[in-house]
Amino acid sequence: MHVLLAVTSLFGGWQLTYVIAMLPFNMPDFVESFIRFWLSVTKTKYLGNPEDMATLALLLYWIITSLSICVFILICNTVARRCFHARKMNHKMKNKIDDAQRKFFDDLPGVAGCKDKDSIFLYSNAEHGKCVGLQNHQDIIGRTVQDLPCIAACSNMYHQQDQEVMRSGETLQIFDVHPSSDQQWHAYIVTKKPWFDDDRNVIGTIFNGCDITNVYSMALCSALEKWSGRAQNSYALTENFSNIKLSPRESEILFLVTRGKTAKLTASILDISYRTVEQYMEAIKLKFGVRNKIELIDKAVEYQSTQVKTFQQFF
């Protein structure tokens with residue numbers, strides 16, 4: 001493959017160089033300057049014959065055109081391989097959903113579809129395809145939220161929600177705010193459920209939602225934007241704290257943080273490094289599905305109210 005690429009590039013470069021040599025124009029000054037500079041750097045004796053300079057110029061053209069053709073072939077090959085892989089994945093994903101399942105999602109009102117365990121879309125109905133800006137709703141097969149510009153900003157949150165639904169095996173209700181394909185902002189109530197096979201093994205998630213965009217919902221979206229600092233967002237309406245499992249060390253750190261202790265003070269109290277506390281904090285935020293310390297404290301207060309265990313040694 002590499003030999004063929006090199007031969008093709010060199011041959012194509014030579015043909016282009018021949019065409020350039022046939023064009024009625026003089027050698028550009030910058031080409032001659034570059035050749036003189038290269039001869040001086042390599043300490044090669046200058047060839048005084050003008051024909052020698054022309055030969056070196058053609059050699060330079062050959063190198064440049066050969067490299068250009070090589071890069072062009074590599075780019076085309078990469079694009080072709082990705083297109084082939086996407087078509088192959090699309091065909092593979094289609095085979096995972098039978099006609100009866102597709103009809104089930106097509107008949108559901110609002111937006112509906114399903115994803116596999118890696119949050120890759122296996123299918124969605126026409127309403128959802130229209131919502132995310134696809135001309136054919138089946139084009140979503142094999143893609144992730146990251147590939148859909150309308151909702152890509154919330155891809156991490158959607159993935160966390162999917163993982164939580166599959167881990168807990170319970171339903172989760174979501175309040176989504178994002179622009180649709182019509183360039184207008186919309187609000188949705190979406191229900192996510194675990195998708196089981198015949199043996200009751202979780203194989204992905206199923207979602208179904210309805211557009212609730214109106215004056216009141218957009219007013220709520222505006223208020224939430226001021227609170228969260230971002231317009232496009234996804235809010236979990238149901239909490240399942242019983243499924244959040246914290247290690248003893250995570251519980252200790254969460255206890256201290258919710259009582260106003262800084263990361264440095266927490267590290268000092270627990271006799272661990274500041275970086276270790278930060279790593280634990282990131283793991284805790286991931287488990288609670290939050291992005292910052294303020295959101296974590298809000299969730300943690302609710303979580304700790306359901307816990308029996310306390311840490312009286314820190315009072």
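Values quoted throughout were computed directly from the atomic coordinates according to the rules given, and no laboratory measurement underlies them. Because the structure is predicted, anything quoted here is derived from the model rather than measured. Heads up, the Cβs are rebuilt from the backbone with ideal geometry, glycines too, and the neighbour counts pull from every protein chain shown.
Among 222, 66, 273, a tally of other beta-carbon atoms within 10 Å of each Cβ gives an order, fewest to most, of 273, 222, 66. Look at 220, 286 and count the other Cβ atoms within 10 Å of each Cβ; fewest to most, that gives 286, 220. Computed across the range 99-238, the Kirkwood radius stands at 15.2 Å (inverse of mean 1/r, all Cα pairs). In this structure, the residue pairs whose Cα-Cα separation is over 32 Å, taken from 193/245; 130/245; 117/299; 115/264; 192/285, are 130/245; 115/264.
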